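Scroll down for the structure; my scribbles are underneath it.
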Amino acid sequence: MSKKYLGAFIVLLILGVGFYYQSQITTEDNNVKKIGFIYVGPVTDFGWTYEHDQGRKAVVNRFGENVETTYAESVSEGPDAERAITQMARDHDLIFTTSFGYMNPTSKVAKKFDKVKFEHATGYQRSDNVANYAARFYEGRHLIGLIAGGVTQTNKIGYIASFPIPEVIRGINAAYLAASSVNPTVEFKIIWVNTWFDPGKEADAAKALIDQGVDVIMQHTDSAAPMTIAQEEGVHAFGQASNMIQFGPDAQLTSIIDNWGPYYIDRVQKLIAGTWSSSDTWGGLDSGMVELADISDDVPQVIVNLVNSARDGIISGNLHPFTGPINKQDGSSWLSEGEVAQDGVLLGMDFYVEGVDGVIPN
Amino acid sequence: MDLYIAIFQGIIIASTPLVLASIGELIVEKSGVLNLGVEGMMIIGAVSSFIVTYETGSHLLGLLAAIISSGLIALIFGILTQYLLSNQVATGLALTLFGLGLASLIGQSYSGITIESFPSLEIDILKNIPIIGDLFFAFDYLVYLSVLMVIGTYLFLNKTKRGLILIATGDNHDSAHSLGYSVKKIRLLSIIYGGACAGLGGAYLSLVQTPMWVENMTAGRGWIALAIVVFAVWRPLWIFAGAYIFGGITIIQLHIQATGVNIEAQYMSMLPYVVTILVLVFISMNKNRLAVNAPNCLNKLFTSDI
Amino acid sequence: MFKLEKKANIDKSSVFMVPLSAIGCSLIFVFILFILLGKNPTLALFIIFIEPLLSVFGISELIVKSTPLIIIALGLSFGFRAGVWNIGAEGQYTIGALSGGATILAFYPMSGLWLLPVAFLVAIISGALWGMIPGILKAKFNTNEILVSLMLTYVAILFLSAMVYGPLKDPDGFNFPESRLFHDSGILPIIFHGTRAHVGFLIAIFLVVMMHFLLTRHMVGFFIKVSGESPRALLFSGKSRNQIIYLSFIICGGLAGLAGVIEVSGPIGQLVPAIPVGYGFTAIIVAFLGRLNPVGIFLAGLLLALTYIGGEAAQIKLGLPNAITGVFQGVLLFFLLAADAYTKYKISLVNIRWKI
C-alpha cells in the first residue's frame, strides 16, 4: 500500500470512528432537559463558583433523571466566554452564566439561539430569553455588620475588598451602617487587594489589618485565606460565599452563604412545566438566596437577638438596610428621614456613606 | 512600635517563598541555565506538600514531598535541556504550563480542607528578649531555613571549590569542560536543586502562609522569583534585598491603605515591576558589575560532554 | 547517558515527522491520563480533536481562536530566529488591544470606514513602541530582554485594568468595569454569516504568506538568521546587531498589537479587564511547534486553538477538568523539544561516567 492510500485509510478510519461517536452522543431523550452552567473560577474554589456548583448539584438532586447538567469552569470573561456559551446553546435548554463579565456574550448568544433560555447573574441586560438574577448580599452584610459592631473590642473592623464595583461598595456601606448603629465609635479599615482570588495576597491583607488593630475581619474576595489567618491570630472573621467554619472553627462569627439552589430549582421547574419566562430576580434573605451560617457562641445574646429581629424585619419587608437619614461621605444628604434607597441607585452605587473613611479607587 | 514590628514580620512572611524560590533559581542561573519554569515547580511543591501533610499529619513529610516532587519535574527540564539540548526558554514555559495543569488535577479533591498550622520556633529565652525577640525569634522554621540557605549559598559559591567550579561552568562552559568537569552533570544537579528550592517556596504558601490548597495559589510568584534573581545581580546575599523589597512593597501598600490613605491600587501594584526594570537597567549600565556577577553562558547551548 | 552528535545534513522529512510524532506521543500520554481519570479515552480524544472539525461552529471558532495565536507567533518567530527572546508578547498584545480599543471609543459616536484602519494603525504603532522598550534597553545597555519584556507584561495588564476601571468605563454601565460596546464601524466584518469568524483570519493568512516571502526571499530574513546563529558573521554583513534587535522587537510588538486590536474589534467588541488570556505565552508554544516557520506556525496555531476548543467541549460533555488543556499543551511541548534532538543529532546511549 502506498503512502497516499495509507493516509486516506487513516482519514476514513478517523471519520468512521467520529460518526460512530457522533451518533452515540447525540442520541438523547427529548424529555430530558439539558441545563448548562458557565463558571468563572474552578469548582473547587470554595467560594463563588463552588456555591454555584452546589446549586447545580441541588438541581440534580431534585430532578434526577429528568435533567442533565453540564458545566464549564474557569471560563475567562474575555473572548472565550461567547464560544463556551454558544457551545452549550447548541444542545442545551437552559444556561446559567454566573459572572458579571458574561453579560454581553450572553446577550449576543441569546440573539442567535432564541429557543434556548439564558440566565445571567449580577448583570442588567434582559431580553425575552435572557433573565437576570442576583442576590441582595447587602442584606447579609447588614446582619454581619450588626455582629461586627457588637463583637469588636478595638472598635476597628477590617474589610478586604476586591474591586470598586457597585456590589462591593454596597456591601461596605451596608455593613458600616449596621455596625455603627450598634457601636457609634466603630471604624472601618478597608484594603483593596485588586483581585478576586489570590490567597497569598488576601492573607497578607488580613495580617496587615490585624496589625492595624482590627479584631473583626470581613472580606469581599473569594478565598478562605483571611479566615485561616483570623484563626491563627486569634481574631474573628466572617466567611464569604460559603460556610468556612472548617477554616476558622474559633474565628468564624458566621458566614454569608450564597444559596443558589432554591432559585435554580425554581427556574428549572418552570422550564420543565413550560412556564419559564424572562424575569429580573434580586433575591435576598426572604427568598433564601442569601443565608447566614450558624452564629458563633462568641456573639453576645443581645446581638444575636438583634440579628434575628433584623433578619425577621428584612424578610417581612419592615426593615431596609438603607433607610434614611443617611448622608453621603461628603456630608451631603442622600436619604431623608425614613426614606428607603431605590434599587436603581443601589445597583450603580459609587459612593461611600458618611463615616466610612478613605476614597474609592479611581 | 508594635505596629512596625508587625509590619516587619508581615514582610518576612510574605517574602520567604520568594527567597526560597529565587535562591534556587540563582544557583541554576549561576551554572549557566535559565529555567523559566519556577511557577510550575512552585505550584507542584505547594500541592504535593499539602496533600502529604494532610494525609500523614506530618509537616516534615510534606516538605520532603515538595522537595522530591518539584525536584522530579525539574529533572524533566534538566534532561530535556541538558541531554536533549532543547531550548531553555521554551522548555521552561512548558514546565510552567504542565506544572499548573498537573497541580490542579492532582489537587482536585483537596480543596476546602485545612491542616494544622506550621510550628514556630519556640525558644522562650530568645523570644522574650524585648523587641529583638519579636523581630528575629518569632517565626516558623522555614524562615530560618531560608536565611540559612541564602547564607549557605553565599558561602558555597564564594568559599568552596565546588562553588567556584559551578560559577566557572556558568561563565565559560568550554573551559570548564576542558578542565575535566562534567558541565552537564553540574548543571543537572543545579537544576534539581533549583526545583527543590522552588518546591519549598510553594510549600511555604500552602503549609505556612495560608494552610490550605487552591488552584493557582502561587498567583505569579514564580515569575517574581525570576525577577529577584536579576534584581540581586546574581549575588546570593542580595536575594534578601530583592525579596524583602518585593514583599515590603506589597505589605506596606496594604498598611497604607488600612490607614485610610488613598492610593491607586493598579499603579501601586505596577511599582515592583517598574522598579525591577529600572534596577535591571541600572545594573546592566555598569558593565563591570555585570561582568563580575552575571553568568556569561546563561541560556547558551552546551553540546560537548555527556 | 546519551551521546549526541550533530548530523551533517538534516533529513527533510523530519520537518513533518518531529511535530507529528510529538503530537502522537502527547495523545498517548493524555489517553493514559483519561483512563486514570476514569473517562472513556477514545471518546474524550474524539470530542477534543475531531468533533470540533465536524461542524461549522467548530471550524469558525477555530478560526477565531487561532487568529491571535498565529499573528503573535509570527512576530515571535522573527525574534527567536534572531536570538532575541521576547516573551512579553502578552503585554504588547494588551497594549495594542487597549490603544486600538481606546481609539475606537475616542471617536464615539462618529463612524465611518476610516475608523478601523486608524485604530489598527494606532494599535500596531503602540504595540511596537511597547515592544521597543526592552529592545532599546537591550541594544543600549545590554539589559536582559526576557525579564524586561516579562515585567512589562504585568505593567501592561495592570494599566489596562486601571483604564477600564477608570477613564474608559461605560458611562451608562452602572459603574461596572467595562467600556461601552463598539458601534458597528468599530467591529470587524464577519466572513461566514452566523458565526464569529472575522476577517482577522484573512489578515493572519496574508501575514503568513508575507512572512514566508520575507524569510525565504528577502535579505532581511537572511540577516535575521545570521544574527541568531553567529553574531560574528553579522559584523561582516554590514547590518548591526542593534538594528536586528530593534527590527525584531518592532515586528513582534507591532504584530502582537495588531492581534490585540483584532481581538477587541472582532470577537469581543468592547474593552474588558479580561482581554489578556495568555495568548502571548501560548503563541510561544505555537512558534516552536511550528518550527519558527510561517506555514508551520499557521498549522500549529490551528492545533493549539483546537486544544482549547476541544478541551472546553470535553469539559461540558464529559465533565473533564479544565486543567487537561494546560497539561496537554505542556506535554506536547516537552515531546516536541525532546523529539527535536533526534532530527538535529545522532543519539547513542553511553555509560554514565559522572565525576566532579
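The values are calculated or read from the model by the stated rules, or taken from the named source; none is laboratory data. Just so you know, these numbers come straight off a predicted model, no measurement behind them. Backbone-built Cβ (ideal geometry, glycine too); neighbour counts: all protein chains shown. Just the protein is used for accessible areas: all its heavy atoms, side chains included, with ligands, DNA and RNA removed. Shrake-Rupley method; radii C 1.70, N 1.55, O 1.52, S 1.80 Å.
For B:Gly107, only one of the following conditions fails: (1) open to solvent by 10 Å² or more (accessible area, probe 1.4 Å); (2) within 12 Å of chain C (Cβ to nearest Cβ); (3) over 20 Å from the mean Cα position of the chain (by Cα). What is its number?
Unmet condition: (1).
Considering only the range A:312-333, state which residues are open to solvent by 40 Å² or more (accessible area, probe 1.4 Å) and either in a strand (DSSP E or B) or among the polar types (S, T, N, Q) (or both).
A:Ser316, A:Asn318, A:Thr323, A:Asn327, A:Lys328, A:Gln329, A:Ser332, A:Ser333
Specify which of the listed residues (C:Phe78, C:Phe2, C:Phe29) is modelled with pLDDT under 90 and under 28 Å from C:Gly280 (Cα atoms).
C:Phe78
Somewhere in the range B:213-220, is a residue in a helix (DSSP H, G or I) and under 30 Å from B:Asn286 (Cβ atoms)? Write out each step before concluding.
Here is the first cut: in the range B:213-220, the residues in a helix (DSSP H, G or I) are none.
No, the conditions are met nowhere in the range B:213-220.
Among all residue pairs at least 6 apart or on different chains, which show Cβ distances below 6 Å where the first residue, located in the range C:113-124, is in contact (Cβ under 8 Å) with a residue 12 or more places away in the chain and the second is basic (Lys, Arg) and assigned to a loop (DSSP other than H, G, I, E, B)?
none
Can you report the number of residues in the range B:223-281 which are part of a helix (DSSP H, G or I), at the interface with chain A (Cβ under 9 Å from one of its Cβ atoms), open to solvent by 20 Å² or more (accessible area, probe 1.4 Å) and in contact with a Pro (Cβ under 8 Å, 6 or more places away or on another chain)?
Final tally of qualifying residues: 1.
Please work out if A:Val235 is in contact (Cβ under 8 Å) with a residue 24 or more places away in the chain, assigned by TED's automatic domain parsing to the domain that holds A:Ala208 and loosely packed, with under 15 Cβ neighbours inside 10 Å.
no
Would you confirm whether any residue within the range B:54-61 is surrounded by 24 or more Cβ atoms within 10 Å (Cβ to Cβ) and either over 21 Å from B:Tyr154 (Cβ atoms) or in contact (Cβ under 8 Å) with a residue 40 or more places away in the chain (or both)?
Within the range B:54-61, none of the residues are surrounded by 24 or more Cβ atoms within 10 Å (Cβ to Cβ) and either over 21 Å from B:Tyr154 (Cβ atoms) or in contact (Cβ under 8 Å) with a residue 40 or more places away in the chain (or both).
So which residues in the range A:245-300 are among the aliphatic types (A, V, I, L, M) and under 15 Å from the mean Cα position of the chain (by Cα), if there are any at all?
The answer is A:Ile256, A:Ile257, A:Leu285, A:Met289, A:Val290, A:Leu292.
On the given criteria, is A:Ala110 in contact with a Lys or Arg (Cβ under 7 Å, 6 or more places away or on another chain) and more than 14 Å from chain C (Cβ to nearest Cβ)?
Numbers: in contact with a Lys or Arg (Cβ under 7 Å, 6 or more places away or on another chain): no; more than 14 Å from chain C (Cβ to nearest Cβ): yes.
No.
Name the residues in the range A:208-221 that are surrounded by fewer than 24 Cβ atoms within 10 Å (Cβ to Cβ) and within 7 Å of another protein chain (Cβ to nearest Cβ), would you?
From the range A:208-221, those surrounded by fewer than 24 Cβ atoms within 10 Å (Cβ to Cβ) are A:211-213, A:215; that's our starting set.
The answer is A:Asp211, A:Gln212.
Go through the range A:222-236 residue by residue and tally those that are in contact with a helix residue (DSSP H, G or I) (Cβ under 7 Å, 6 or more places away or on another chain) and more than 8 Å from chain B (Cβ to nearest Cβ).
So the count comes out to 6.
Is the range A:334-348 home to any residue that is within 30 Å of B:Gln253 (Cα to Cα), modelled with pLDDT of 90 or more and of a type in the set (A, V, I, L, M)?
There is at least one residue in the range A:334-348 that is within 30 Å of B:Gln253 (Cα to Cα), modelled with pLDDT of 90 or more and of a type in the set (A, V, I, L, M).
With the requirement that a residue be within 13 Å of chain C (Cβ to nearest Cβ) and either open to solvent by 70 Å² or more (accessible area, probe 1.4 Å) or under 18 Å from B:Gln88 (Cα atoms) (or both), what does the range B:149-176 give you?
B:Lys161, B:Arg162, B:Leu164, B:Thr169
When both residues are 6+ apart or on different chains and their Cβ atoms are under 7 Å apart, which pairs have a first residue that lies in the range B:108-129 and is touching a residue at least 12 places away in the same chain (Cβ under 8 Å), and a second that is acidic (Asp, Glu) and open to solvent by 40 Å² or more (accessible area, probe 1.4 Å)?
B:Ser117/A:Glu232
Scan the range C:186-202 residue by residue and report those that are more than 14 Å from chain A (Cβ to nearest Cβ) and open to solvent by 50 Å² or more (accessible area, probe 1.4 Å).
Within the range C:186-202, C:Pro189, C:Ile191, C:Leu202 meet the criteria.
Do we have any residue at all in the range C:276-297 that's more than 14 Å from chain B (Cβ to nearest Cβ) and polar (S, T, N, Q)?
yes
What's the number of the condition C:Leu306 fails, among (1) farther than 29 Å from C:Glu145 by Cβ; (2) at the interface with another protein chain (Cβ under 7 Å from one of its Cβ atoms)?
Only one criterion in (1) farther than 29 Å from C:Glu145 by Cβ; (2) at the interface with another protein chain (Cβ under 7 Å from one of its Cβ atoms) is unmet by C:Leu306, namely (2).
I'd like the full set of residues that are within 14 Å of A:Gly239 (Cα to Cα) and within 14 Å of chain C (Cβ to nearest Cβ), limited to the range A:121-145.
none
Looking at the range C:173-185, is at least one residue touching a strand residue (DSSP E or B) at 6+ places or on another chain (Cβ under 9 Å), farther than 21 Å from A:Thr195 by Cα and either touching a residue at least 24 places away in the same chain (Cβ under 8 Å) or within 14 Å of chain B (Cβ to nearest Cβ) (or both)?
Taking the range C:173-185 first, the residues touching a strand residue (DSSP E or B) at 6+ places or on another chain (Cβ under 9 Å) are none.
Scanning the range C:173-185 turns up no residue that is touching a strand residue (DSSP E or B) at 6+ places or on another chain (Cβ under 9 Å), farther than 21 Å from A:Thr195 by Cα and either touching a residue at least 24 places away in the same chain (Cβ under 8 Å) or within 14 Å of chain B (Cβ to nearest Cβ) (or both).
Can you tell which of A:Ala224, A:Ala205, A:Ala148, A:Ala174 is closer than 17 Å to A:Val359 by Cα and either open to solvent by less than 20 Å² (accessible area, probe 1.4 Å) or under 23 Å from the mean Cα position of the chain (by Cα) (or both)?
Just one listed residue meets the conditions, A:Ala174.
Would you confirm, using the coordinates I've provided, whether A:Ser309 is open to solvent by 50 Å² or more (accessible area, probe 1.4 Å), free of Cβ contacts under 8 Å to residues at least 60 places away in the same chain, of a type in the set (S, T, N, Q) and within 19 Å of A:Tyr176 (Cα to Cα)?
On the way: open to solvent by 50 Å² or more (accessible area, probe 1.4 Å): yes; free of Cβ contacts under 8 Å to residues at least 60 places away in the same chain: yes; of a type in the set (S, T, N, Q): yes; within 19 Å of A:Tyr176 (Cα to Cα): yes.
In short, yes.
Please go through the range B:168-185 and give me each residue that is part of a helix (DSSP H, G or I) and either out of contact with any helix residue (DSSP H, G or I) (no Cβ under 6 Å at 6 or more places or on another chain) or charged (D, E, K, R) (or both), ordered by number.
B:Asp171, B:Asp174, B:Ser175, B:Ser178, B:Lys184, B:Lys185
So if I check each of B:Tyr181, B:Tyr193, which one is more than 14 Å from chain A (Cβ to nearest Cβ), open to solvent by 10 Å² or more (accessible area, probe 1.4 Å) and at pLDDT 90 or above? Talk me through it step by step, then tell me what you get.
Working: B:Tyr181 fails: at pLDDT 90 or above.
Just one listed residue meets the conditions, B:Tyr193.
I'm told A:Ser278 meets every condition in (1) of a type in the set (Ser, Thr, Tyr); (2) out of contact with any helix residue (DSSP H, G or I) (no Cβ under 9 Å at 6 or more places or on another chain); (3) crowded, with 17+ Cβ neighbours inside 10 Å except one. Can you identify the failing condition by its number?
Condition not satisfied by A:Ser278: (3).
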